[in-house]
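Written below as structure tokens is the structure these notes are about.
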Amino acid sequence: MFERITSNPAVLSGKPCIRGTRISVSFILELIASGASAGDIVRAYPHIALLDVEEAVRFASYALEHDTFLTVSLSDTNAGVSA
């Protein structure tokens, strides 16, 4: 499904990265969020291809779509404790 994205515990603690690099998917997303275009990223990191950047974005979208987020409410840990 994602041929250009890999995860290896020995590389960036297992963060999803562009294959053969230490450029993480999250780093690509940070660059895009700060205004960089895919072309800007490829020019700044010539060892990756436009398809790598595109697949990183698709990977992130897929991960968010197939993940579950829970809202947890923590009660006051001191409630009911007398001093």
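Every read-out reported here was derived from the displayed coordinates using simple, explicitly stated rules and does not represent laboratory data. Quick caveat, the model's predicted, so the values are computed rather than measured. Cβ sites come from the backbone with ideal geometry, for glycine too, and all protein chains shown count toward neighbours.
Remarks
- All other residues whose Cβ lies under 10 angstrom from that of A36 are scored, Lys and Arg at +1 and Asp and Glu at -1, for a net of -1.
- Residue-count net charge about V57 - beta-carbon cut-off 13 Å; Lys, Arg +1, Asp, Glu -1: -3
- For the chain, calculated [θ]222 nm from helices alone, where every DSSP H run of n ≥ 4 adds -39500 (n - 2.57): -11500 deg cm²/dmol
- D by Stokes-Einstein for region 9-49, Kirkwood Rh over Cα pairs, 37 °C, 0.692 mPa s: 308 µm²/s.
- Relative contact order (%) - criterion: Cα under 8 Å, at least six apart; region: the chain: 24
- Subtracting the Cα-Cα distance of S26 and R58 from their residue separation scaled by 0.36 nm leaves 10.3 nm.
- Gained length - K15 relative to A44, 0.36 nm times residue gap less alpha-carbon distance: 8.3 nm
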